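J.: One structure, pasted below without further comment.
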Amino acid sequence: MAGTVVTTEITYPSSIKKVKFEWTSDASGDADGSTTAVFSGKLVQVTTVPDGVAAPTADYDVEVRDADGVDLLAGAGADRHTSNTEHITSASLGAVCASALTLVVANAGNATEGVVYVYIET
């Protein structure tokens, strides 16, 4: 069983949607969870924020998958920093078409935490 992910979908009065994934890894260093909402649009930025106290292991990995299991980050979420906030910009990101999103965290260490923000232009 993977750790937990709490999702918050935020809609702004603009063409940008923001999805916040708050995750906690299990003993194997993994976590996954999906949105309840369905999204369409171009991912323009993904930001990873490791927890300041329960920091993930160096070089932990994140993927944002669509309903078909495709990593919309195309591997750009690999090897995240243990303490620095990092950004992935639109040049490395894909698009989503009428799909829920699933965050998958791996190699993060036991009972670690972080947040991943996904910005989608509709």
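The values are calculated or read from the model by the stated rules, or taken from the named source; none is laboratory data. Since the model is a prediction, treat every value here as computed from it, not as a measurement. Note that each Cβ is placed from the backbone with ideal geometry, even for glycine, and that neighbours are counted across all protein chains shown.
J.: Could you please find all residues in the stretch 22-56 being surrounded by fewer than 17 Cβ atoms within 10 Å (Cβ to Cβ), over 22 Å from Thr89 (Cβ atoms) and polar (S, T, N, Q)?
T.: Listed by number, the residues that qualify are Ser28, Ser34, Thr36.
J.: Another question, then. Collect the residues in the stretch 53-76 that are at negative phi, part of a loop (DSSP other than H, G, I, E, B) and of a type outside the set (D, E, K, R), keeping them in residue-number order. Break it down into steps so the answer makes sense when it comes.
T.: If we filter the stretch 53-76 for residues that are at negative phi, which is where we start, we get 53-58, 60-68, 70-73, 76.
Next, from what is left, pick out any that are part of a loop (DSSP other than H, G, I, E, B): 53-58, 66-68, 70, 72-73, 76.
Across the stretch 53-76, the qualifying residues are Val53, Ala54, Ala55, Pro56, Thr57, Ala58, Ala67, Val70, Leu72, Leu73, Ala76.
J.: Follow-up. Can you pull out every residue in the stretch 4-40 that is farther than 17 Å from Pro50 by Cβ and among the aromatic types (Phe, Trp, Tyr)?
T.: Within the stretch 4-40, Tyr12, Phe39 qualify.
J.: Looking only at the stretch 77-122, count every residue that is free of Cβ contacts under 8 Å to residues at least 24 places away in the same chain and either crowded, with 21+ Cβ neighbours inside 10 Å or part of a loop (DSSP other than H, G, I, E, B) (or both) and tell me the total. Outline the logic, then answer.
T.: At the first step, the residues of the stretch 77-122 found to be free of Cβ contacts under 8 Å to residues at least 24 places away in the same chain are 78-79, 91-92.
Subset that is either crowded, with 21+ Cβ neighbours inside 10 Å or part of a loop (DSSP other than H, G, I, E, B) (or both): 78-79.
Matching residues across the stretch 77-122 total 2.
J.: Something else about it: Considering only the stretch 50-92, how many residues are under 17 Å from Lys20 (Cα atoms) and of a type in the set (A, V, I, L, M)?
T.: 5
J.: Given (1) under 16 Å from Val5 (Cβ atoms); (2) modelled with pLDDT of 95 or more; (3) not small (Gly, Ala, Ser), where does Thr36 come up short, assuming only one miss?
T.: For Thr36, the failing item is (2).
J.: In the stretch 49-76, which residue that is in contact (Cβ under 8 Å) with a residue 40 or more places away in the chain and in contact with a Leu (Cβ under 9 Å, 6 or more places away or on another chain) is nearest to Ser34 (Cα to Cα)?
T.: My answer is Val64.
J.: Just to be sure I understand the filter: pairs with C-beta atoms under 6 Å, separated by 6 or more residues or on different chains, first member in the stretch 3-23 and closer than 15 Å to Val62 by Cα, second member at pLDDT below 90 and surrounded by 14 or more Cβ atoms within 10 Å (Cβ to Cβ). Which pairs pass?
T.: Within 6 Å, the pairs are Val19/Glu9.
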